[in-house]
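*Asks:* The structure that follows is given in the form of structure tokens.
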Amino acid sequence: MIVELISVGTEILLGNIVNTNAAYLAEQCASLGLSCYHQSVVGDNEARLTETLALALSRSDIVILSGGLGPTGDDLTKEVTAKAFKRKLKEDLHTKERIQEYFDQIHSKKITENNWKQALVPEGAIVVDNYNGTAPGLILTGEIDGEEKTAILLPGPPGEIRPMFERDIYPYLSGRQPEGIYSYMVKICGIGESQVETTISDLIQKQENPTIAPYAKIGEVHLRLTARAEDEVAADALMQPVLTELYARFGEHIFTTKEEITLEETVVDLLWQEGMTVTTAESCTGGLLAGRIINVPGASDIYREGYITYADEAKEKLLGVRPETLSNVGAVSEDTAAEMARGAMEKAGADASVSVTGIAGPDGGTKEKPVGLVYIGCCVKHNLRVEEFHFTGNREKNRDYAVVRALTLLREELLKYKSGEET
Ligand code: ATP
């Protein structure tokens with residue numbers, strides 16, 4: 001079933017209001033398993049709304065219009081839609097009573113003649129009561145050019161459209177579309193976007209139900225696996241074989257299949273399972289890494305203290321990095337990253353540590369050590385690993401990439417430690 005959205009209102013076109021209704025409706029339709037291929041915004045203009053609606057009805061089964069149901073002359077949605085379905089407007093007594101009741105409740109508002117315009121409904125329309133305003137919602141179904149089409153008219157104010165959609169429109173649409181949409185978010189770290197896409201190009205090519213859609217994030221690639229099915233169990237039966245295949249291809253690079261789980265949560269969870277504490281020693285990321293870890297509720301069980309050692313003296317003073325290392329190979333080097341990681345672990349008395357030292361830019365780069373060069377060190381118990389990275393973003397992006405890579409490295413080392421323990 002194809003659904004299309006039309007947002008009516010000149011103020012949306014002018015940018016005076018943000019079209020949050022379209023975002024809300026699109027999300028709701030997606031969760032109902034309805035395909036939405038087009039959305040339009042049109043001003044309060046009869047000719048353009050007529051044209052937009054005709055086009056929408058020619059290519060979609062259901063058109064949802066929001067806004068333009070008010071009492072004033074420029075509110076035209078109902079009139080234009082009635083014409084498209086060749087229906088007359090007639091007074092709906094039930095709506096008239098509700099409008100009267102609404103104004104009786106709000107003594108400060110006086111009913112005006114044009115308010116009764118809202119009691120006019122197209123013949124044969126289903127009237128959907130508005131519990132938060134006067135304009136009722138309307139559902140109009142009929143044949144247009146030999147095909148059955150539906151227009152759903154909803155009021156513009158978000159405080160009216162959302163409760164109305166939840167209460168009446170969602171169940172109506174769900175009755176029209178028995179299948180729902182179910183999805184997994186397969187989150188991958190430690191592999192670049194192009195490699196991920198190449199690895200699954202055959203799966204993407206033959207996808208049908210479920211579908212796989214890749215999204216590149218900073219330092220992560222997410223694959224949204226979506227199935228259309230009549231219930232969750234049926235959807236899961238369709239998705240499990242694909243999930244198994246993805247695990248076979250990406251293994252431990254997959255850190256979760258749940259939308260709401262973050263990389264740092266999986267790292268904190270691993271530390272927690274192992275009963276280990278971690279510390280951080282940061283230069284160019286200046287506390288961002290610690291911030292991500294501490295953002296996870298319950299981080300106090302695994303994180304006690306950390307270090308921001310931006311200057312060379314701070315690296316010496318707080319982490320015991322040797323002055324010879326700094327003068328011989330510099331602060332941005334494998335050796336410094338290693339000494340930072342070891343020093344931090346010792347000073348904090350932690351079981352694991354991560355260090356980051358690099359050149360975030362835009363200044364400070366040289367031919368040998370360009371902007372974006374970052375060394376990340378990681379100690380888990382006595383095992384030390386240092387990796388060199390070359391990021392190509394701006395200062396902010398390079399720092400963000402470094403944080404994700406640091407979390408990824410820590411995760412890999414913790415998994416290695418865990419598997420060593422098990423064998
Ligand atoms: P009313 O009966 O209140 O006049 P209406 O159905 O005629 O409602 P509009 O007049 O088009 O709706 O819009 C009323 C208000 O609702 C706008 O001023 C705006 O605050 C909000 N609104 C309308 N459309 C949208 C939208 N697409 N996204 C977010 N808010 C909207």
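We did not get these values from a lab; they are worked out from the coordinates using the rules stated. Every value quoted in this text rests on a predicted model; they were computed, and no experiment measured them. Ideal geometry is used to build each Cβ from the backbone, glycine not excepted, and the neighbour counts take in all protein chains shown.
*Asks:* With only alpha-carbon pairs counted, each pair once and no self-pairs, how large is the Kirkwood hydrodynamic radius of the chain in angstroms?
*Replies:* With all distinct Cα pairs of the chain included, I get 25.8 Å.
*Asks:* Further, regarding this structure: Give me the distance between the Cα centres of the range 235-250 and the range 145-186, rounded to whole Å.
*Replies:* 30 Å
*Asks:* On to the next question. Give the percent of DSSP beta bridges with both residues in the chain that are antiparallel, rounded to the nearest 5.
*Replies:* The antiparallel fraction comes to roughly 65 percent.
*Asks:* Given an 8 Å cut-off on Cα distances and at least 6 residues of separation, report the relative contact order of the chain as a percent.
*Replies:* Value for the chain: 10 percent.
*Asks:* Using the structure shown, select from K88/K117; K90/K149; K381/K416 the pairs with a Cα to Cα distance greater than 19 angstrom.
*Replies:* From K88/K117; K90/K149; K381/K416, over 19 Å: K90/K149.
*Asks:* Sticking with this one: Helix 93-105: angle to the longest alpha-carbon principal axis of the chain, degrees 0 to 90, nearest 10?
*Replies:* 60 degrees
*Asks:* Measure up K217/K369; K86/K110; K347/K367; K258/K369 against 31 Å on the Cα-Cα distance and list the ones that go over.
*Replies:* Going by Cα-Cα distance, K86/K110; K347/K367; K258/K369 fall outside the 31 Å limit.
*Asks:* A further question follows. Give me the three principal axis extents of the range 93-167 from the C-alpha atoms, as integers in angstrom, largest value leading.
*Replies:* 48, 25, 16
*Asks:* OK, next. Over the range 350-423, what is the mean sequence separation of C-alpha contacts under 8 Å (at least six apart), divided by residue count, expressed as relative contact order in percent?
*Replies:* 28 percent
*Asks:* If you take the square roots of the eigenvalues of the alpha-carbon gyration tensor of the range 2-176 and sort them as a ≥ b ≥ c, do you get rounded (a/c under 1.5), prolate (a/b over b/c) or oblate?
*Replies:* Rounded is the answer for the range 2-176, as its axis ratio a/c remains below 1.5.
*Asks:* Per-residue HN-Hα couplings for the range 390-397, Karplus 6.51 cos²θ - 1.76 cosθ + 1.60 at θ = phi - 60°, whole Hz, x for Gly and Pro?
*Replies:* 10, 9, 10, x, 7, 3, 5, 5
*Asks:* Next question, about the same structure. State, as an integer percentage, the relative contact order of the range 263-419 based on alpha-carbon contacts under 8 Å between residues 6 or more apart.
*Replies:* 24 percent
*Asks:* What list of ³J(HN,Hα) couplings, whole Hz, do you get for the range 52-65 from phi and the Karplus terms 6.51, -1.76, 1.60, once you set θ to phi - 60° and write x for glycine and proline?
*Replies:* 5, 5, 4, 5, 4, 5, 6, 10, 10, 7, 10, 10, 9, 10
*Asks:* Apply 1/(1 + (r/R0)^6) to the Cβ-Cβ distance of Q100 and T366, taking R0 = 51 Å, and write down the FRET efficiency to the nearest 0.05.
*Replies:* 0.05
*Asks:* Over the Cα atoms of the range 30-109, Rg to Rh with Kirkwood Rh, two decimal places?
*Replies:* Checking Rg against Rh, the ratio lands at 1.05.
*Asks:* Over all Cα pairs of the range 263-419, how is the pair count split among 5 Å bins, expressed in % and running from 0 up to the last occupied bin?
*Replies:* 2, 11, 21, 24, 21, 13, 7, 2, 0
*Asks:* Please turn the phi angles of the range 294-311 into ³J(HN,Hα) values with the Karplus equation 6.51 cos²θ - 1.76 cosθ + 1.60 (θ = phi - 60°), one per residue in order, whole Hz, x for glycine and proline.
*Replies:* Whole-Hz 3J(HN,Hα) from phi for the range 294-311: 6, 5, 7, x, x, 5, 4, 5, 10, 10, 10, 8, x, 9, 10, 10, 7, 7.
*Asks:* Moving on to the next point. Compute the Kirkwood hydrodynamic radius of the range 1-60, taking the inverse of the mean of 1/r over all pairs of distinct Cα atoms, and give it in Å to one decimal.
*Replies:* 12.1 Å
*Asks:* How far apart, in nanometres, would the label points at R322 and E51 be if each is projected 7 angstrom from Cα along the Cα-to-Cβ direction?
*Replies:* 7.7 nm
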